[in-house]
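Here the structure comes first, spelled out in structure tokens, and everything after it is commentary.
Throughout, read-outs are computed from the coordinates displayed, never taken from laboratory work. Computed from a predicted model, the values in this text were never measured in an experiment. Please note: Cβ atoms are built from the backbone with ideal geometry, for glycine as well, and neighbour counts cover all protein chains shown.
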Amino acid sequence: MPVHHRELPARAARADLVWFGFDVLCEGATALPDYLALAERFGTLVLEGVPPPASCTPDGRQRFADLADVCCDRGTRLFLIGADPLAGLPQDSGLLRDLDRTASRLAMLRREDGAR
């Protein structure tokens, strides 16, 4: 699927929905403009294979956070399939502190989806 001047291998794309693997969209060589282009084109994004945050690379965690920000800001529905991206981290974990904003954005997406 062409996204922001390059091809990203989507698992499926139909009308207003696109489906990607976490490995492609967050651990691959993607960036904020890619997420903005996807949010402009699709109202629903499915992200499959979401791993526990401790097993992601720092870049993968940052891309995931960027994706959550874009979806929240653009009103794009985001469905996550896989591990709870915030579960299993000790409360005093530096990683948990890094994910605070992402947790907040995911909670906003959950509330917005329930309000529809």
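Taking 0.36 nm per residue of sequence separation and subtracting the Cα-Cα distance, how much length would be gained by fully extending the chain between D69 and D84, in nm to one decimal?
In short, 3.7 nm is gained.
May I ask you to compute the full-extension gain from D23 to T44, defined as 0.36 nm times their residue separation minus their alpha-carbon distance, rounded to one decimal in nm?
On the way: separation 21, 0.36 × 21 = 7.56 nm, distance 1.84 nm.
5.7 nm is the gain from fully extending D23 to T44.
Taking R0 as 41 Å, what FRET efficiency do you get between A15 and S104 from their Cβ-Cβ distance, rounded to the nearest 0.05? Please list the in-between numbers first.
Details: r = 30 Å, r/R0 = 0.73.
Step by step, r from the Cβ atoms, then E = 0.85.
Taking the Cα centre of segment 39-83 as origin, sum charge times position over the Cβ atoms of Lys and Arg (+1) and Asp and Glu (-1), and report the length of that vector in debye to the nearest 20.
On the way: 5 positive and 6 negative charges, 18 e Å.
Once rounded to the nearest 20, the dipole reads 80 debye.
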